[in-house]
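Accompanying notes for the structure given below.
The values are calculated or read from the model by the stated rules, or taken from the named source; none is laboratory data. Computed from a predicted model, the values in this text were never measured in an experiment. FYI the Cβ positions are ideal-geometry reconstructions off the backbone, even for glycines, and counts take in every protein chain you see.
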Amino acid sequence: MSLSTLLSVWRDTPSIAGNVAAWRTFPAWPGEFASLPADLHPALAAALHARGIEALYTHQAAAWEHLQAGRHPVIVTGTASGKSLCYNLPILDHLLRDSDARALYLFPTKALAQDQAEAVRQIVSTLNIERSTFNVSTYDGDTPTSARPAIRQHARLVITNPDMLHAGILPHHTRWADFFRRLRFVVIDEMHIYRGIFGSHVANVLRRLQRVALFYGAAPQFILTSATIANPGELAERLIEAPVTLVDNDGATRGAKHFLIYNPPIVDHELGLRRSTQHETVRLTQELLAHNVQTIVFGRARRSVEMMLKHLKDEGGRRKDEERENLSSFITCPRQGVHPSSFQVRAYRSGYLPRQRREIERGLREGRVQAVVATTALNWALTSAG
C-alpha cells in the first residue's frame, strides 16, 4: 500500500481528518532543464551520464555560470532540489583541471557533513581517475587523531563544521599552510541557520578564515546555500562581507507534497485537555510504517525521543507476535531483494557514538532503516539530493 492510499484513508477517517487543522497540497512540477555545460570536464560529463544525468536544472546551470564568472552565488531553492550539485559540479571540475586546488565545505551538523561526503565520494568513484589523488575527507570531532595529519597534507576537499573550523583548524593554520595556500572554494551550506547571535559568531569565524587565506595568498570563492528565507542575499553578504549573486529560480522536478497541521483530539472537554502529542505521534507513525512510508519523527528532547522509540518498538513487537505464523512483519515492504524483517526503527540523538550515527545514516539512505525518531541532531536537511 502506498502513501497516496494512506492519505485517502486519512481523509475518510474521522479520528484523523477530524483533528487536522490545516491540510495543504502542493502539486507536482515537471521541472525546467538546461544542457550540460559545453566546457564541462569530460570525466565529469561521463560520470553524470553514468548516473543517468543528461541535463541540469536551470538553477544548477545558473550557479555554474556565476562561478565561472568569479562571483559568489547564493542558491535558494527547495528541499531535494539538487543544491549540492550546484557546487559539487563546478568545484570538482576545477579540482580535476588544477591538481593544486583545494576546497572547504562547511555544514552545520556532522550528519549533514557525512551525508554530503558520501555523495561526493560516489561521484569521485565514477571518475576515470586515480582515487588516491583525489582525497575527500571529513575533519571534525569524530576524526581520529591519527588520521588528521594525512588529511591536512593530502585532502583535496575537506568537509567540516564552523565549530571545528574555529577551534581545530584556524588556530593551527600553520599546519594547514599548504591547504590554505591552495584554497579556491568555500561552501557554506544551510546558511539560514547562521542567524542571530550564533550567526554573528560564524561571521567572525569566516572573517578569520578569509584573513588566514589572504595571509597565504588565496582569495577563495564562496558558494552559499539556503532554505527559502526572506532576505538570503542580505544574510549571505553579511556572512562573507562581499557582494553575492542570488540564484532562486528553482527548476527542480517535484512530486506532490502534503503539509498537515494535526491537533491531538480532546480527551476532557470540560478541562479542554488533549491527548498526548507523543502518543498521537506514535499512532500516526505506526500508520505510516504499516503503509511502507519511510518516516522521520523529530522530538524536542532526548527523553521524548527514547519514549517514542520504545512505544514504536513495543507496538511493533506485539504485531510481529500476532502475525508470526503468517510470516508477516510489523513493517512490510515490497522492495525487491530486501526482506521485511531487516527493517529497523531507530533513534538518533547527540550522545551516540560516531559509528552508531554513521550506521543509522547509511540505513536511511539504503532503506534498511524504515523509521528514525530523532532530535535536531539529525537535522534532515540531510536530504542526499538537497
Hey, can you tell me all the residues within region 65-75 that are in a helix (DSSP H, G or I) and touching a strand residue (DSSP E or B) at 6+ places or on another chain (Cβ under 7 Å)? 66, 67
Find the residue count for region 251-280, including only residues that are surrounded by fewer than 12 Cβ atoms within 10 Å (Cβ to Cβ) and within 30 Å of residue 85 (Cα to Cα). 2
Pairs, first modelled with pLDDT of 95 or more in region 52-71, second assigned to a strand (DSSP E or B) and aromatic (Phe, Trp, Tyr), C-beta under 9 Å, six or more apart: 54/33; 55/33; 56/33; 57/33; 58/33; 61/33; 67/185
Any idea which of 17, 47 is buried (at least 19 other Cβ atoms within 10 Å of the Cβ) and either farther than 23 Å from residue 134 by Cα or not acidic (Asp, Glu) (or both)? 47
Selection status of residue 245, under 20 Å from the mean Cα position of the chain (by Cα) and either of a type outside the set (A, V, I, L, M, F, W, C) or closer than 15 Å to residue 345 by Cβ (or both): no
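Considering only region 166-182, how many residues are hydrophobic (A, V, I, L, M, F, W, C) and more than 16 Å from residue 214 (Cα to Cα)?
1
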With criteria (1) surrounded by 18 or more Cβ atoms within 10 Å (Cβ to Cβ); (2) within 30 Å of residue 290 (Cα to Cα), residue 37 comes up short on (2)
For residue 281, are the conditions met, namely being closer than 30 Å to residue 363 by Cβ, at pLDDT 90 or above and not assigned by TED's automatic domain parsing to the domain that holds residue 351? no
Answer yes or no as to whether residue 74 is within 30 Å of residue 290 (Cα to Cα) and modelled with pLDDT of 90 or more. no
Before we move on, is residue 120 at pLDDT 95 or above and in contact with a Leu (Cβ under 9 Å, 6 or more places away or on another chain)? no
Show the residue pairs that are 6+ apart or on different chains and have beta-carbon atoms under 8 Å apart, the first residue being within region 218-232 and assigned by TED's automatic domain parsing to the domain that holds residue 187 and surrounded by 12 or more Cβ atoms within 10 Å (Cβ to Cβ), the second being in a loop (DSSP other than H, G, I, E, B) and among the basic types (Lys, Arg). 218/182; 221/71
Strands (runs of 3 or more DSSP E) wholly in region 111-200 with at least 1 residues that are surrounded by 14 or more Cβ atoms within 10 Å (Cβ to Cβ) and basic (Lys, Arg) - which ones? 183-188
Residue 242 being more than 22 Å from residue 4 (Cα to Cα) and buried (at least 17 other Cβ atoms within 10 Å of the Cβ): no
Hits in region 80-105 - residues which are touching a helix residue (DSSP H, G or I) at 6+ places or on another chain (Cβ under 6 Å) and part of a strand (DSSP E or B): 102, 103
Region 294-311 - residue that is modelled with pLDDT of 90 or more and of a type in the set (A, V, I, L, M, F, W, C) and, of those, surrounded by the fewest Cβ atoms within 10 Å (Cβ to Cβ): 296
Has region 288-301 got at least one residue that is in contact with a Cys (Cβ under 6 Å, 6 or more places away or on another chain) and either in a loop (DSSP other than H, G, I, E, B) or among the hydrophobic types (A, V, I, L, M, F, W, C) (or both)? yes
As an exercise: evaluate residue 247 against (1) modelled with pLDDT of 95 or more; (2) on the phi > 0 side of the Ramachandran plot and give the number of the one condition it does not meet. (2)
Can you tell me which residue within region 116-142, out of those that are touching a residue at least 12 places away in the same chain (Cβ under 8 Å) and small (Gly, Ala, Ser), is nearest to residue 189 (Cα to Cα)? 117
